[in-house]
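Peer 1: What follows is a single structure, and I will ask about it in a moment.
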Amino acid sequence: MTLPVFDTAAVQKAATSQLVLDTARAALVAHAEGRTSVPPPLHMEFPGADGDCHVKAGWITGAADFTVKIATGFYGNPQAGLASNHGLVCVVSARTGQIRAILDDRGLLTAWRTAAAGALVTHAMARPDAATLAVFGAGEQARLQATWLARLRPVGMVLVHGRSPHRAAALCEELSAHGLPARPASAHEAAAADMIITTTPATAPVLDADQVREGAHVTGIGADMPHKNELPPALFGRAQLIATDDHAQCLDHGDFGHAVRAGAVAEGDDIAAGALLKSPVDRPDNAVTVADLTGVGALDAALASAVLNELLA
C-alpha cells in the first residue's frame, strides 16, 4: 500500500481556522493537565546559513496517533525569494506503530498552530479592553499573530517594529488589506502598546522592560532554542502573572529560563498556559502579564491528526 502524502494545498484546504483554534486550545489544556507525552525537542543550528532545525514529537493520552515533526527556519531565505520556514509532519498510529501519512505542509501547520497558541493565550491574558497591538518582527508569523488575534477580539491599530523598514511597511500594507489598520513603529513606541507579541529569532532582547506600560500583556514566541532571547529578564520581574506553554521547555530554552537564571523570578513563578485557557484568572487592570511560548509537540500531534482525519473523511 502506498503511503499517503498530502501537500500544502490539501492541508490548507482541510485545516480551517476554527479547527486549528479549537484543536490548539484543547491540546494546551490537555498538556496543562498532564495528559500528554512530549519528549524534549531536538535542536540543530546552522550558523553559516542563519538557520536552525527542530524535531518535535508528541502524543495526547488515548489519541489514535502520535507525530514526529521536522521544522526548519532559515532566516535569510526571503532575500533569495524563499520562505523562512519549512518542514513536514509524520503521523503514526499509536496503536500499531504504522505510519499513516506524511503531511508535506512546508511548515504550514507549525505556523498555524503557533499563531493559534499565541492568539489564544494573548486573548486570555490581555485586559478585556486592550486594543492596540504591537508586533516585533515583520515576517509571516507577525502577520499571522495579528490576523489570528483579530479572530478572537477587536484589534485597533497594529504597530509593526521590524529590522527592515521595507518589510515592516510591506506587512503594514498587508494587514491593512485584511482590515487591520497598521503602521511602522519604533521599538520604544511599540513597547507601549496594550498587547505586544514578539516573533523574531533574536538572540538579545528586542524591547526595554521599562518601556512596557502598566496593564500591558506581552507574548514571546521566538525564543525556541537556548541561544535565542526576545524578552528581557526585567520584564518577567515586573509581571504579576507569567504563563508558559511547557514549564521544562521554557526553563531550558525559553525567555522564562533566561529570567530565572538572571534571578529576576523564581523557577516556580509560572502557570501553565493551558490552565489559563481552561479557567481564566482575574487580573488587575494595571498588571503586567507575560507569556513564554516555545511550541509544544502535543499541539503538532493533535492538529496533524485532526487534519488527517479531515483529509481521509
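The values are calculated or read from the model by the stated rules, or taken from the named source; none is laboratory data. In this text the structure is predicted, and so the values were computed from the model without any measurement. With ideal geometry, Cβ positions are generated from the backbone for all residues, glycine too; neighbour counts draw on all protein chains shown.
Peer 1: So, in region 277-293, exactly how many residues are assigned to a loop (DSSP other than H, G, I, E, B), within 22 Å of the chain's Cα centre (by Cα) and either outside the structural domain of residue 258 (by TED's automatic domain parsing) or within 16 Å of residue 236 (Cα to Cα) (or both)?
Peer 2: Summing the residues that are assigned to a loop (DSSP other than H, G, I, E, B), within 22 Å of the chain's Cα centre (by Cα) and either outside the structural domain of residue 258 (by TED's automatic domain parsing) or within 16 Å of residue 236 (Cα to Cα) (or both) in region 277-293 gives 2.
Peer 1: Inspect all residues belonging to region 145-157 and state whether any of them is touching a residue at least 24 places away in the same chain (Cβ under 8 Å), crowded, with 18+ Cβ neighbours inside 10 Å and farther than 25 Å from residue 170 by Cβ.
Peer 2: no
Peer 1: Here's another thing I want to ask about it. Suppose we filter 182, 168, 177, 138 for residues that are small (Gly, Ala, Ser) and in contact with a Pro (Cβ under 6 Å, 6 or more places away or on another chain); which single one remains?
Peer 2: None of the others qualify; the one that does is 168.
Peer 1: Somewhere in region 276-298, is a residue surrounded by fewer than 19 Cβ atoms within 10 Å (Cβ to Cβ) and farther than 22 Å from residue 119 by Cα?
Peer 2: Looking through region 276-298, none of the residues is surrounded by fewer than 19 Cβ atoms within 10 Å (Cβ to Cβ) and farther than 22 Å from residue 119 by Cα.
Peer 1: Now for a different question. Would you point out which residue out of 222, 274, 237 is part of a helix (DSSP H, G or I) and within 16 Å of the chain's Cα centre (by Cα)?
Peer 2: Matching residue, one of 222, 274, 237: 274.
Peer 1: Further question: Among 226, 232, which is in contact with a helix residue (DSSP H, G or I) (Cβ under 6 Å, 6 or more places away or on another chain) and at pLDDT below 95?
Peer 2: Checking each option against the conditions leaves just 226.
Peer 1: Would you mind finding the one in 22, 104 that is touching a Phe, Trp or Tyr at 6+ places or on another chain (Cβ under 8 Å), of a type in the set (Asp, Glu) and in the same structural domain as residue 304 (by TED's automatic domain parsing)?
Peer 2: 104
Peer 1: Looking for whichever is small (Gly, Ala, Ser), assigned by TED's automatic domain parsing to the domain that holds residue 216 and closer than 23 Å to residue 296 by Cα here; the options are 134, 116. Which one fits?
Peer 2: 116
Peer 1: How many residues does region 205-219 contain that are closer than 16 Å to residue 187 by Cα and not in a strand (DSSP E or B)?
Peer 2: Matching residues across region 205-219 total 10.
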